[in-house]
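The values are calculated or read from the model by the stated rules, or taken from the named source; none is laboratory data. Since this is a predicted model, take the numbers as computed values, not measurements. Backbone-built Cβ (ideal geometry, glycine too); neighbour counts: all protein chains shown.
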Amino acid sequence: MHDLGEIRKEAKSPWNSLEVVKVVASIATPVALAFLGYVTWNTQRNTVQNWESQQQTHKQELESRAKEQDRVRDLRVGLYREAAPLLNAIFAYHFNVGPWKELTPASVIERKRQVDALMFSHEVLLSEDFFNKYNTFMRESFRAARNHYGESRIRTKIDCHRPHLPDGEAKWAAWFTNEDNRTNICLAYRELVGRLPEELLLYSLKVAVTTEGEKLAACRFYDFSNCK
């Protein structure tokens, strides 16, 4: 048995179970709060770092996209500089404007070949809409040979483009479909050039979309009274 004095000493000891719990609790609470604060701070820090990383990645993507857009613009502008005189010559020949008198049917067909080679070899650089408008203009301007040995023909009347020498009439006539398709040609050309500012990524030059009637009115700027 325990000595009575020892039992009394144990009973008087301040370190009973309740006191121990209180002491542990008083120590654990600040530690827990400190740990919770650390976890919260660390979470917030990671969140901020992730956000900053995402912003940096987004910025790099935008810069990369802008550089790529600049390269595409430069390539398209360079392509247009080569194609524009050829397209303009084809259009001018149909409407007897500009340098059309210096052109022959054969030289017009040659320009068609040249611009086709440019456009089809660079198709990957062009938007589908622009390329479709280009093909529409060429279909309205020329009748395809549809075989490997024939030649494309110009969709206009021979009366608009008589040969300079009488004995060349028969050979000259073979270049033409002898139809007046100028309205469709003009509309297709205006559709094509109207798409150019957007295609060349020069949005400040973009013109307002016009109605079909307004486009027809603009086409009437050219003289349709001849070659009837």
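Could you tell me which residue of the range 170-194 is nearest to residue 104 (Cα to Cα), considering only residues that are in contact with a strand residue (DSSP E or B) (Cβ under 9 Å, 6 or more places away or on another chain) and surrounded by 17 or more Cβ atoms within 10 Å (Cβ to Cβ)?
Checking each candidate, the answer is 175.
I'd like to know if the range 179-193 contains one or more residues that are farther than 17 Å from residue 91 by Cβ and at pLDDT below 90.
no
Using the structure shown, decide if residue 87 is under 20 Å from residue 181 (Cβ atoms) and in contact (Cβ under 8 Å) with a residue 24 or more places away in the chain.
yes
Restricting the search to the range 148-160, which residues are under 25 Å from residue 83 (Cβ atoms), modelled with pLDDT of 80 or more and part of a loop (DSSP other than H, G, I, E, B)?
Across the range 148-160, the qualifying residues are 151, 152, 155, 156.
Among the residues of the range 76-93, count how many are farther than 18 Å from residue 190 by Cα and not basic (Lys, Arg).
Count: 4.
Output the number of the condition that residue 221 fails; it satisfies all remaining conditions of (1) within 17 Å of residue 96 (Cα to Cα); (2) modelled with pLDDT of 75 or more; (3) part of a loop (DSSP other than H, G, I, E, B).
(2)
Considering each of 145, 173, 92 in turn, give the residue that is closer than 30 Å to residue 77 by Cβ and small (Gly, Ala, Ser).
Criteria check complete, one pass: 92.
Out of the residues in the range 102-147 meeting the condition of being free of Cβ contacts under 8 Å to residues at least 40 places away in the same chain and outside any helix (DSSP H, G or I), tell me which one is farthest from residue 193 (Cα to Cα).
Only one residue fits best here, namely 147.
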